[in-house]
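Chemist: Quick one: this structure, given as structure tokens, is what I'll be asking you about.
The values are calculated or read from the model by the stated rules, or taken from the named source; none is laboratory data. Nothing here was measured: the structure is a model prediction, and the numbers come from that model. Cβ sites come from the backbone with ideal geometry, for glycine too, and all protein chains shown count toward neighbours. These area figures cover heavy atoms from the full protein model, side chains too; ligands, DNA and RNA do not enter into them. Shrake-Rupley method; radii C 1.70, N 1.55, O 1.52, S 1.80 Å.
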Amino acid sequence: MSNTGFSFPVIHDAIDIMTPFLLAGIGGLVTELSGMLNIALEGLILLGAFFSVIFASITGSLFLGLLFGVITTMFIAFIFGAITIYLKANEFITAIAVNLLATGLTAVISFHFFGTKGNLVFDNFARLPVFDLPALDSIPIIGDIFLGHNIIVYAGWLLVFVFWFVLYKTPYGLRLRGVGLNFKAMSALGLNPKKYRLEAIVISGFTCALAGASLSLNIGAYVPNISSGRGWIALVVIYLGGRTPLGILIASFIFALAESFSNYAQGFINIPADFILAFPYIITVVALVLVSAIKKRQQKIS
Amino acid sequence: MKDSRNCSTVQLSGVLVTLAAAAVVVIVSIFILSKTPFSTIYYFFIGPFANKYYLGNMLNSVVPLIFTGLGISFAFKASMFNLGGEGQVYAGGFIAASVALLIPSLPGVIGIFLSLLVAAVCGALIAGLSGFFKMKWNTDELITSFLISNALIYTIDFFITGPMDDPTNNLLATRKIASQYHLLRIFPPSSLNISVIIAILAVIFSFWILFKTNHGYELRLSGLNSEFARYGGINIGKYIFLPMLWSGAFNALAGAVSVLGTTHCCIKGFSNGVGWNGIAVALIARNNPAAVVPAALFFAFIEAGANSAMINADVTIEIASIVKAVIFFLITSRVIYNSFRRKALV
Amino acid sequence: MQTCLEMRNICKTYSINGRTVNKNVDLTVRKGEIHALLGENGAGKTTLMNILYGIIHPDSGEIFINGKKVFIDSPLTANRSGIGMVHQHFRLIDDFTVAQNVVLGMEPRHGLFKFDNTKAEKDVLSVINKNGFKLEPNAKISDLSVGQMQQVEIVKMLYRKADLLILDEPTSVLTEHEIQNLFIRLKKLVKTGKTVIIITHKLKEVKRLSDRLTVLRSGKVVGVRNTADVDESEISRLMVGRTVALKPIKVETEIKEEALKLENVVLKKRRQERPILDNLSFKVFKGEILGIAAVAGNGLSELENLLGGMVRITSGRLLINGQDVTNEGAAVFRRAGLSYVPSDRLKRGSSIESSVRENIILTNHHRFVKKTGEIDSSAADEFSSKLIDNFNIDADPSTRTGTLSGGNIQKVILSRELEHIDGLVVFAEPTWGLDIASSEYIYKKIIEVKSEGAAVVIISSNIEEIINLSDRIIVMHSGEIVCETKNTEDIDAAVIGDYMLGLKNDFSKVTNER
């Protein structure tokens, strides 16, 4: 990596860090727009990270690992959605179930097949390929910031665009948003709104699986609690991003920048690791409270 | 009268179906995971009752669950979501230990009372913060309580492993508290102690508050229909804030009695799962303090069973999490409950 | 004449509560007619039509369209059989445009994936123009009046090529003028070969609009008539099973001191130029009934919120029994002497998950609080049993309120609010959605409250109710008072309707009084 200045590596890292927020965020946005608050993002990321790395080691193929990891996560999301929607269970409680299941299932499988509940490191498959264009490398800022990321990072950007198009420019998106805005209107038209909600949850399973895979496949290992709160931050990113794909892109970048910066700062000031871990939660709470306070204030001023 | 009795049988049937489904999942997963499934199942279901030590420890682990079950019930009753149980339990234990370590020379009863009180107050303030944000700016308490809790867990981790770590042992924990702070053991050799009595008193107190007092009436009405409550002149802002105070206080007590009664020091991550389990306990109990006791017993049993299966057989304790996940998945299903309501009428 | 629709032997029992709502119902509708489906609340009209539209599945029975047997299991198949339904509560998405709402589910596409909004607007405009509606396809639903929203619902069905239109209580939210326009449009539609079924319990409209009628009572058909052959009293006898006097008898009461006073009340919403309540000033005196009428969306519900102590105002003053209660909460309003029967009975007026006792003691519960903070449960029991008896509520104190009928829930609310009257009672939409018998009971109670010397405010979008009960009438439009008048015998509902619509705003022509 080029060494042109202090800020570029920070930004470059931020772009890596933002990917899980972004992916989980746009998946969460789809469920949000369909009218459900999805607090299972965290668990789904963990499941995606675990299963993609496990399947990659079983098949020896990065691609098959990603594929089966995503499918497994989507299947669990499907069960979560089906129980919530068709058995009419409370969406928060079933989401907690997903989060619990994620930690439980990964530990049980890990212990049963690998004899440990700790880190699982594999080296029988390739790392996520990194995208680099030597031709562009020499362009100062672009080369420093936008090149040299793994392919899921770029897939994330592409997905933001795809999701924007589907949500706002297609009949499917119109109906999905319609379900979130007025459930009864959709069922009065015979449009089966439950189906749209279920699909939205499965879609969030898809993007969260990618988010998880980007964490584990990148290092070729699974670390317990590798998601470490990213699903929760993604939830906040959705709100701070004004519930739009572009807003989510921006909000996840800001969060990632903060995290990236604090990682760098650690090189200069000795901050205990626990505080670094606590930091995203604190800043998220502060951001949430500020946003709601500002909103409330605007409502008051007429 | 008939109506309400019907209602509770319907609810009980729904709970039993969920618990039965959970039992089936335990057995099926043991058959998949264990090489010796029958002995594993034996250890899972019978292990907790094998001897005085196991039995007493299982009963002892009911105590914090009762407290968190009550804590979460108070929030649920007011239609508030407190997802910060984990952090509040941890903080409660940490504060109780800190009080005991800071003033080691206080006479027993006063010391215990003081450290429980300070822990409860701190827990109340922590959860109350989310309630306050919700009341003041309508910030989603579900998310803030969780985030604050996680931030706290890491902060407390820092103190336990850093400045307050006991260098004399290799446990990641604070120093041991003075012996007059220990809660009296009542079922040796197990850790069961008098905190079980405090828990029962807390259940009675909660029941009284919720169903017999004006405060409970207003709290429950605000939870069931806040617009109705406001229309009737109830200050609903108060019932966004106060239930979170109760909730945090009970959760913190769960941690405090664990430290004073069981571990006698604050171990890193000791609260692991107690906060989440409190949610399940509250749901199984349908937020009724009286039903919190059997629900907590059930949960402690699962935990103890998984633990005994881990020690004596070849499965890991996380099998309990899968069972709990099944319970979380099904416990609120209205379809399951309605199917019983229909049968009750026929 | 050709038969368009035949429903034979329709039966439906709800499994959840075991209530039978349709018992062997037969319904025959001829092509090109307007057929009125009549009955009291709970008679099974809406269930029958929901069955026809595929929302509810019948236990047994057959449906024939143009002589052919059809199976309808969802609104989509109903649409395919040429059936369209406009629900009483509109099923529109506020954030979408008219065109988007209309085409939803049958969207024109551009290529394989892309939604073609331009074509949607064009297609919808052509349906609008062909049938004589007045709508902009690109207008947002949230900017429309209630009457326009109803037009969107009808256009939505016509876009789906519906030949048989079902309208569920179409006039309940409309003003006199809008009703007239609706009727003209429906008659036009029928001339172009469409068939219309309207569900209603308003007898006058049946006479004005329909060709034939079917009356349901407790889930059974009790009569099929040509509208021309029957008069209102016969229809009403069929519906209720006895004759009822709908017009309450007014009582003259001595007017005493002022109970409610509004001074230049303004209510603005954020980023909105026009206030929702614009400089309202009026007084209400003890011993009189003031009726406040307006069309939905003109500040009526905000006025209700204001009088109930549920909303803060931007400027002005509000006094109850001489006490300034501006921007105080409901508790202070009640202490100053307010009793309030809200329009939303299930969300605001009661807690349906709670017992009847817990519903009744609210606002009175402070009386039962002991020094320990406990509620004296035996006193509370005694109190609620007494009120249940006084108001003939069909329930025990421990019954869950949600299991009661709409009329009984309203009685629970009345019992609580009227138990202790301290000068002022506000009724909002007191009979909305209630059957004739319950409405009668409530009218009787309102008159009683007044004759006992309290000031009464009735907020209602039902002009008939306002005219029948009030001593004085205020009409609001766009948040302003456009008319204030004494209620005399020669008052004309149509003229009041003009004021409600904003067609008139001078203060003169209602009666000769002013």
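Chemist: Between A:193, A:245, A:140, where does the largest GNM mean-square fluctuation fall for chain A, given springs only between Cα atoms within less than 10 Å?
Modeler: Greatest mean-square fluctuation among the candidates belongs to A:140.
Chemist: Rounded to the nearest percent, how much of the accessible area of the stretch B:2-345 (1.4 Å probe, protein heavy atoms only) is carbon and sulfur? The partial results should precede the final answer.
Modeler: Details: 8890 of 12910 Å².
Carbon and sulfur: 69 percent of the exposed surface of the stretch B:2-345.
Chemist: If you don't mind, there's one more thing I want to ask. May I ask you to derive the FRET efficiency for residue C:94 and residue C:503 from their Cβ-Cβ distance with R0 = 30 Å, giving the value to the nearest 0.05?
Modeler: 0.70
Chemist: In Å², and per residue, what accessible area does the stretch B:2-345 have when probed at 1.4 Å with the other protein chains present?
Modeler: Solvent-accessible surface per residue comes out at 38 Å².
Chemist: Heavy atoms only, probe 1.4 Å: what % of the accessible area of chain C goes to carbon and sulfur, would you let me know? Before the final figure, lay out the partial values.
Modeler: Details: 10090 of 21710 Å².
Heavy-atom surface of chain C belonging to carbon and sulfur, 1.4 Å probe: 46 percent.
Chemist: Measure out, as a whole number of angstrom, how far apart the alpha-carbon centroids of the stretch B:321-339 and the stretch A:191-254 sit.
Modeler: 25 Å
Chemist: So which of A:184/C:445; C:68/C:194; A:88/B:77 end up more than 25 Å apart by C-alpha? Could the numbers behind the result be given before it?
Modeler: Values: A:184/C:445 36 Å; C:68/C:194 18 Å; A:88/B:77 20 Å.
Cα-Cα > 25 Å for A:184/C:445; rest within.
Chemist: Here's another thing I want to ask about it. Taking the Cα centre of the stretch C:300-434 as origin and charging only Cβ (+1 Lys, Arg; -1 Asp, Glu), how large is the dipole, in debye to the nearest 20? Write down the numbers at each step before the final one.
Modeler: Details: 15 positive and 18 negative charges, 52 e Å.
That gives a dipole near 260 debye.
Chemist: Kindly tabulate the residues in the stretch A:223-252 with an accessible-area decrease of at least 50 Å² between the chain alone and the assembly of all protein chains, using a probe of 1.4 Å.
Modeler: Those residues are A:232.
Chemist: To the nearest 20 debye, what charge dipole does the stretch B:2-345 have about its Cα centre, counting +1 at the Cβ of each Lys and Arg and -1 at the Cβ of each Asp and Glu?
Modeler: Dipole size: approximately 960 debye.
Chemist: In square nanometres and to one decimal, what's the mean projected area of the convex hull around the Cα atoms of the protein assembly as shown?
Modeler: On the way: hull surface 201.6 nm².
Orientation-averaged projected area of the Cα hull: 50.4 nm².
Chemist: Just to be sure I understand: if you take the accessible area of chain A alone plus chain C alone and subtract the pair, with a 1.4 Å probe, what total do you get in Å², rounded to 100?
Modeler: Values: alone 15030 and 23840 Å², together 36880 Å².
Looking at A and C, the buried total is near 2000 Å².
Chemist: Pulled fully out, how much extra length does the chain show between residue C:2 and residue C:335, if you take 0.36 nm times their separation in residues and subtract their Cα-Cα distance?
Modeler: Details: separation 333, 0.36 × 333 = 119.88 nm, distance 6.45 nm.
Going from the current span to full extension adds 113.4 nm.
Chemist: Here's something else I'd like to know. Along the charge dipole of the stretch B:2-345, Cβ charges K/R +1 and D/E -1, which of B:110, B:60, B:256 sits furthest on the positive end?
Modeler: Going by the Cα projections, it comes out as B:60.
Chemist: Taking 2.2 N^0.38 Å as the expected size of a compact globular protein, what ratio does the Cα radius of gyration of the stretch B:11-67 give against it, to two decimals? Don't skip to the answer; put the middle values down first.
Modeler: Numbers: Rg = 14.0 Å, N = 57, 2.2 N^0.38 = 10.2 Å.
For the stretch B:11-67, the normalised Cα radius of gyration is 1.37.
Chemist: Normalising by the residue count of chain B, find the relative contact order in percent from Cα pairs under 8 Å and 6+ residues apart.
Modeler: 36 percent
Chemist: Have a look at B:325, B:285, B:91 and tell me which one the Gaussian network model of chain B (Cα, springs below 10 Å) gives the largest fluctuation.
Modeler: Largest GNM mean-square fluctuation: B:325.
Chemist: Continuing with the same structure: Post the alpha-carbon centroid distance, the stretch C:403-436 to the stretch A:53-72, in whole angstrom.
Modeler: 64 Å
Chemist: Shifting gears a bit: Would you compute, for the Cα atoms of the stretch B:2-345, the largest minus smallest coordinate along each principal axis and list the three values in descending order, in whole Å?
Modeler: Per principal axis, max minus min of the Cα coordinates gives 61, 52, 33 Å.
Chemist: A follow-up question, please. Please label the shape of the stretch C:1-150 as rounded, prolate or oblate, based on the square roots a ≥ b ≥ c of the eigenvalues of the alpha-carbon gyration tensor (a/c under 1.5 means rounded; beyond that, a/b larger than b/c means prolate, else oblate).
Modeler: Since a/c reaches 1.5 and a/b is larger than b/c, the shape of the stretch C:1-150 is classed as prolate.
Chemist: Considering chain B as a Gaussian network with a 10 Å cut-off on Cα pairs, which listed residue, B:124, B:50, B:291, attains the greatest mean-square fluctuation?
Modeler: B:50
Chemist: Sticking with this one: In the stretch C:66-101, which residues become less accessible by 30 Å² or more once every protein chain is in place, relative to the chain on its own, using a 1.4 Å probe?
Modeler: By number: C:75, C:76, C:91, C:93, C:96.
Chemist: Give the interface area between chains C and B as buried accessible surface, both sides summed, probe 1.4 Å, in Å² to the nearest 100.
Modeler: For C against B, buried area totals roughly 2500 Å².
Chemist: Taking all protein chains as present, what is the carbon and sulfur share of the accessible area of the stretch A:206-277, in % to the nearest whole number, probe 1.4 Å?
Modeler: On the way: 1910 of 2750 Å².
Summing carbon and sulfur atoms, their accessible area is 69 percent of the total for the stretch A:206-277.
Chemist: Then there is this: How high is the FRET efficiency between residue C:220 and residue C:492 when r is their beta carbon distance and R₀ equals 51 Å, given to the nearest 0.05? Numbers along the way, then the final one.
Modeler: Working: r = 39 Å, r/R0 = 0.76.
That pair, residue C:220 with residue C:492, gives E of 0.85.
Chemist: While we're here: So which aspartates and glutamates can residue C:69 reach, going by Cα to Cα under 13 Å and dropping same-chain residues fewer than 8 places off?
Modeler: C:6
Chemist: Using a simple spin-label model with points 7 Å from Cα along the Cα→Cβ vector, what separation in nm is obtained for residue B:186 and residue A:154?
Modeler: Between residue B:186 and residue A:154, the label points sit 6.8 nm apart.
Chemist: Cross-link partners among lysines for residue B:176, C-alpha distance below 22 Å, same-chain residues fewer than 8 apart left out?
Modeler: B:268
Chemist: For the stretch C:12-89, with every protein chain kept in place, what is the accessible area per residue (1.4 Å probe, Å²)?
Modeler: On the way: 3170 Å² over 78 residues.
I get 41 Å² per residue for the stretch C:12-89.
Chemist: Using the C-alpha gyration tensor of chain C, what are the square roots of 5 times its eigenvalues, in whole angstrom, with the largest one first?
Modeler: On the way: eigenvalues 327, 163, 110 Å².
Result for chain C: semi-axes of 40, 29, 23 Å.
Chemist: Leaving out ligands, DNA and RNA, calculate the buried accessible area for the pair A and B with a 1.4 Å probe, summed over both sides, in Å² to the nearest 100.
Modeler: Details: alone 15030 and 16480 Å², together 27530 Å².
Rounded to the nearest hundred, the buried surface is 4000 Å².
Chemist: Along the positive direction of the dipole of the protein assembly as shown (beta-carbon charges: Lys, Arg +1; Asp, Glu -1; about the Cα centre), which of C:182, C:455, C:138 reaches farthest?
Modeler: The listed residue farthest towards the positive side: C:182.
Chemist: Further question: Which value in nm describes the separation of the simple spin-label points at residue C:389 and residue B:200, placed 7 Å from the Cα toward the beta carbon?
Modeler: 4.2 nm
Chemist: Now a separate question. Longer than 24 Å from Cα to Cα, which of A:295/C:268; A:194/B:324; B:136/C:268 are they? Say none if no pair is. Present the calculation step by step, with values, prior to reporting the outcome.
Modeler: Working: A:295/C:268 17 Å; A:194/B:324 26 Å; B:136/C:268 21 Å.
From A:295/C:268; A:194/B:324; B:136/C:268, over 24 Å: A:194/B:324.
Chemist: Something else about it: What angle do you read, to the nearest 10 degrees and between 0 and 90, between the alpha-carbon axis of helix C:406-418 and the longest principal axis of chain C?
Modeler: Taking the Cα atoms of chain C, the angle to C:406-418 is about 20 degrees.
Chemist: Right, here's the next one. Let's test the formula: R0 of 60 Å, r as the Cβ-Cβ distance of residue A:124 and residue A:184. What FRET efficiency results, to the nearest 0.05?
Modeler: Numbers: r = 53 Å, r/R0 = 0.88.
So, using R0 = 60 Å, E works out to roughly 0.70.
Chemist: If you scale each eigenvalue of the Cα gyration tensor by 5 and take the root, what three semi-axes come out for the stretch B:1-132, rounded to whole angstrom and sorted largest first?
Modeler: In descending order the semi-axes read 35, 26, 15 Å.
Chemist: Once you order the gyration tensor axes a ≥ b ≥ c over the Cα atoms, which shape class does the stretch B:157-315 get: rounded for a/c under 1.5, otherwise prolate or oblate by comparing a/b with b/c?
Modeler: Details: a/c = 2.19, a/b = 1.77, b/c = 1.24.
Because a/c hits 1.5 or more and a/b exceeds b/c, the stretch B:157-315 counts as prolate.
Chemist: Then there's this: May I ask which residue of B:269, B:158, B:22 lies farthest towards the positive end of the charge dipole of the stretch B:2-345, with charges of +1 (Lys, Arg) and -1 (Asp, Glu) on Cβ and the Cα centre as origin?
Modeler: Farthest along the dipole direction, towards plus: B:22.
Chemist: Put simply, what bits of the stretch A:74-93 lose 50 Å² or more of accessible area when the other protein chains are there, versus the chain on its own (1.4 Å probe)?
Modeler: Residues passing the criterion (a loss of at least 50 Å², heavy atoms only) are A:87, A:88, A:93.
Chemist: Too long at a 21 Å Cα-Cα cut-off: which of C:45/C:220; B:134/C:370; C:119/C:161; B:238/C:269; C:114/C:134; C:130/C:191? Each step should come with its number before you reach the end.
Modeler: Numbers: C:45/C:220 10 Å; B:134/C:370 31 Å; C:119/C:161 17 Å; B:238/C:269 25 Å; C:114/C:134 28 Å; C:130/C:191 13 Å.
B:134/C:370; B:238/C:269; C:114/C:134, as the Cα separations exceed 21 Å there.
Chemist: Can you tell me which aspartates and glutamates have their Cα less than 16 Å from the Cα of residue C:411? Leave out same-chain residues fewer than eight positions away.
Modeler: Within the straight-line cut-off, residue C:411 pairs with C:344, C:358, C:389, C:394, C:396, C:419, C:429, C:435, C:440, C:448.
Chemist: Nearest 20 debye, what's the magnitude of the dipole of chain C about its Cα centre given +1 on Lys and Arg Cβ and -1 on Asp and Glu Cβ? Numbers along the way, then the final one.
Modeler: On the way: 70 positive and 68 negative charges, 348 e Å.
Using only the charged Cβ atoms, the result is roughly 1660 debye.
Chemist: Taking a virtual spin label 7 Å from the Cα of residue A:131 along the C-beta vector, which residues in the stretch A:137-166 bring their backbone nitrogen under 13 Å of it?
Modeler: Correct set: A:146-162.
Chemist: How many angstrom lie between the C-alpha centres of the stretch A:268-287 and the stretch B:8-49?
Modeler: Value for the Cα centre distance between the two parts: 41 Å.
Chemist: Have a look at the stretch B:60-162 and give its Rg and Dmax from the Cα atoms, expressed in angstrom.
Modeler: For the stretch B:60-162, the Cα-based Rg and Dmax read 14.6, 44 Å.
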